[in-house]
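Here is the structure we will look at.
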Amino acid sequence: MASTYTISDLAQEFDLTTRAIRFYEDMGLLEPERSGPGGRNRVYSARDRTRLKLTLRAKRLGLSLTEAKDLIDMYDSPRDTVPQLKKFLVVLAEHRQQLESQLADLEATLDEVKTHEKETKTLLTKASKATSGG
């Protein structure tokens with residue numbers, strides 16, 4: 001692997017738009033060096049690549065970008081890892097609780113749909129018998 005990456009390299013590797021990567025940069029998740037005339041070219045380090053990978057993983061877990069940044073920043077600092085791990089557990093527990101609540105709502109809605117389907121099929125059967133003289 002290269003030790004530095006262009007915005008196009010990262011966009012291609014992670015199947016993102018360059019606009020998305022610039023957005024993550026604006027959020028403070030990535031901190032590329034600048035090169036070229038007027039510092040127009042972004043040069044991303046292996047650290048930026050790792051931070052992008054972790055950001056996308058956090059996003060897949062459903063964490064906000066602010067939560068992702070807080071967690072990634074904690075791992076970036078050379079401090080004791082115990083508080084970092086405890087914080088991560090709290091964030092994950094809150095997120096799991098939110099997902100479980102959404103799942104319960106979905107299951108209730110699904111049960112309601114199944115009930116309506118059953119009732120509608122019963123009504124359809126009765127209506128079919130009535131129109132066929134049954």
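Among the residues of segment 121-134, at least one is assigned to a helix (DSSP H, G or I) and touching a Gly at 6+ places or on another chain (Cβ under 9 Å). Contact annotation: residue pairs with Cβ atoms under 6 Å, 6 or more positions apart or on different chains, pairing a residue in segment 81-100 that is more than 12 Å from Gly62 (Cα to Cα) with a partner that is modelled with pLDDT under 80, are Gln84/Met74. Checking each residue of segment 45-56 against the condition of being in the same structural domain as Met27 (by TED's automatic domain parsing), surrounded by 14 or more Cβ atoms within 10 Å (Cβ to Cβ) and not in a helix (DSSP H, G or I) gives at least one match. Taking the conditions (1) exposed (fewer than 13 other Cβ atoms within 10 Å of the Cβ); (2) under 17 Å from Lys69 (Cβ atoms) in turn, Ile21 satisfies each one other than (1).
Which of the numbered conditions does Gln12 fail, given that it passes all the others? Conditions: (1) surrounded by 15 or more Cβ atoms within 10 Å (Cβ to Cβ); (2) modelled with pLDDT of 95 or more. Only one criterion in (1) surrounded by 15 or more Cβ atoms within 10 Å (Cβ to Cβ); (2) modelled with pLDDT of 95 or more is unmet by Gln12, namely (1). Restricting attention to segment 77-89, does a residue exist that is in a helix (DSSP H, G or I), over 24 Å from Thr18 (Cβ atoms) and among the polar types (S, T, N, Q)? Yes: one or more hits. Checking each residue in segment 1-39 for being touching a Lys or Arg at 6+ places or on another chain (Cβ under 6 Å) and assigned to a helix (DSSP H, G or I) picks out only Ile7.
If I ask for residues that are out of contact with any helix residue (DSSP H, G or I) (no Cβ under 7 Å at 6 or more places or on another chain) and closer than 11 Å to Glu67 by Cα, which ones from segment 91-104 would you list? Once the filter is applied, which keeps residues that are out of contact with any helix residue (DSSP H, G or I) (no Cβ under 7 Å at 6 or more places or on another chain) and closer than 11 Å to Glu67 by Cα, segment 91-104 yields Leu92, His95.
Residues in segment 50-59: is at least one more than 21 Å from Tyr5 (Cα to Cα) and modelled with pLDDT of 85 or more? Reasoning before the result, please.
We begin by selecting, within segment 50-59, every residue more than 21 Å from Tyr5 (Cα to Cα); these are 58-59.
From the residues that got through so far, the ones that are modelled with pLDDT of 85 or more too are 58-59.
Checked segment 50-59: at least one residue is more than 21 Å from Tyr5 (Cα to Cα) and modelled with pLDDT of 85 or more.
Condition (residue is in contact with a Ser or Thr (Cβ under 6 Å, 6 or more places away or on another chain) and among the hydrophobic types (A, V, I, L, M, F, W, C)) applied to segment 47-67: is it met by at least one residue? For segment 47-67, residues in contact with a Ser or Thr (Cβ under 6 Å, 6 or more places away or on another chain) and among the hydrophobic types (A, V, I, L, M, F, W, C): absent.
The values are calculated or read from the model by the stated rules, or taken from the named source; none is laboratory data. Quick caveat: nothing in here was measured; it's all calculated off a predicted structure. Ideal geometry is used to build each Cβ from the backbone, glycine not excepted, and the neighbour counts take in all protein chains shown.
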